[in-house]
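Heads up, the thing below is written out as structure tokens.
Values quoted throughout were computed directly from the atomic coordinates according to the rules given, and no laboratory measurement underlies them. The shown structure was predicted, so the numbers you read here are calculated from the model rather than taken from an experiment. For neighbour counting, all protein chains shown are included, and Cβ atoms are generated from backbone atoms with ideal geometry for every residue, glycine included.
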Amino acid sequence: MDDKPSVLGPGHPIAVAWMKGRSRSYTVAGPFHAGQSALAVAFNDHCDAIVATVVVAHDRPAIIEPSVIEFLNSRTILGWAEGVGAYSRRSDRRGLMSAIGTKRTPKT
């Protein structure tokens, strides 16, 4: 997206399984993107957030929203979201963090 995208309308609430979020449509500007638009869907579970952006080759991204929400509610995506969320909510990640070479920054 070369130029700043323009909003095609107001956003609205969506739900993906147990998570709540919002969806909004945009135009995609620029010389190589004529006739394209995008749908942005964002939802969260506590402190974890997922953002999905879909670019389509027409100017009506809202018509594909039901299919996007259906995909985001698929077993594959929900399984991934549960796994990522479980990791981020673990009370003690020190062992895993050191195994992947991440250092904790001491609080001052």
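Return THR27, THR53 ranked ascending by Cβ neighbour count within 10 Å, so the fewest neighbours appear first. Working shown, then result.
On the way: THR27 18, THR53 12.
Taking fewest neighbouring Cβ atoms as first place, the list is THR53, THR27.
Determine the dipole magnitude for the range 1-69: charges of +1 sit on the beta-carbon of Lys and Arg, -1 on that of Asp and Glu, nothing else is charged, the reference point is the Cα centre, and the result goes in debye to the nearest 20.
Values: 5 positive and 6 negative charges, 33 e Å.
That gives a dipole near 160 debye.
If we count other beta carbons within 10 Å of each Cβ, what is the order of GLU82, GLU65, GLU70, fewest first?
Working: GLU82 13, GLU65 16, GLU70 10.
Ascending Cβ contact count within 10 Å gives the list GLU70, GLU82, GLU65.
For the range 6-91, build the charge dipole from Cβ charges (+1 Lys, Arg; -1 Asp, Glu) around the Cα centre, then report which of ALA34, ASN73, TRP18 sits farthest towards its positive end.
TRP18
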